[in-house]
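All remarks here apply to the structure that follows.
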Amino acid sequence: MSDEPVSDDWDEGGSDLDRLFAKVRACTLCAGVLPHGCRPVLRGSSAARLLIVGQAPGARVHASGIPWDDASGDRLRKWLAMDRPAFYDESRIAVVPMGLCYPGTMPKGGDYPPRPECAPLWHPPLLDALSGVRLTLLIGQYAQVRYLGERRKATMTETVANWRDYGPAFMPLPHPSWRNTAWLNRNSWFEEDLVPALRRRVADALDG
């Protein structure tokens, strides 16, 4: 890891979101431990009403610089009943993962966890700047641990099944990765009951 401290003067001259995003995208805090280098991936505007907090970019997103630009994103957009233009409308939807850079792939498959330094450093100023957010989707256990804390249940499945306990600000979801296909098949209630409710809550947040 780089020994160079990350400056906290992102808001110098005003709390402009573009200045903050530029500061975040220039972050090299984890350059020494990221096998593919630093490329923070995030989107949003102060007017965005929906915030999506996932895990970390995968290899394809690292290459394109576009969040959820992969098969997981296709499944997420299906859950939301959104096409790509609607999903990538930064005036309405913000995307800030727990780890902003691709952490690399483990030898036995699957990505490494998001870097632990990232969310504590950048999420507080980013969430302050994304002042229009009405609903935050917490995708996967890392986002749920940070934002639900002791309110989350013993397992991710229980947390998602009890999504009503976390409204109106949060809605916990499983990761839409193909690796969770077996989970989705075992838990048919998710697509039968939760997905329709998810679409209603997202529509309320975006259009209300």
What is the local net charge at Ala48, summed over the other residues whose Cβ is closer than 9 Å to its Cβ (Lys, Arg +1; Asp, Glu -1)?
-> +1
What does the charge add up to near Asp89, with Lys and Arg as +1, Asp and Glu as -1, over the other residues with Cβ less than 13 Å from its Cβ?
-> +2
Of the DSSP beta bridges with both residues in the chain, give the percent that are antiparallel, rounding to the nearest 5.
-> 15
For the stretch 104-190, the percent of accessible surface on carbon and sulfur atoms (probe 1.4 angstrom, ligands and nucleic acids excluded) is 53
Expressed in angstrom and rounded, the centroid-to-centroid distance over alpha carbons for the stretch 129-208 and the stretch 17-43 is 26
So what is the relative contact order of the chain, in percent, for Cα pairs below 8 Å that sit 6 or more residues apart?
-> 24
Ranked highest first by the average count of other Cβ atoms within 10 Å around their residues, in what order do 49-57, 108-116, 73-81 fall?
-> 49-57, 73-81, 108-116
So what is the accessible area of the chain per residue, in Å², with the probe set to 1.4 Å?
-> 49
Total charge of the residues flanking Pro35 in space, meaning their Cβ is under 13 Å from its Cβ, with Lys and Arg +1 and Asp and Glu -1, is +1
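The values are calculated or read from the model by the stated rules, or taken from the named source; none is laboratory data. Only a predicted model underlies this, so the values are computations on that prediction, with no experimental measurement involved. Ideal geometry is used to build each Cβ from the backbone, glycine not excepted, and the neighbour counts take in all protein chains shown. With ligands, DNA and RNA removed, areas are computed over all heavy atoms of the protein, side chains included. Shrake-Rupley method; radii C 1.70, N 1.55, O 1.52, S 1.80 Å.
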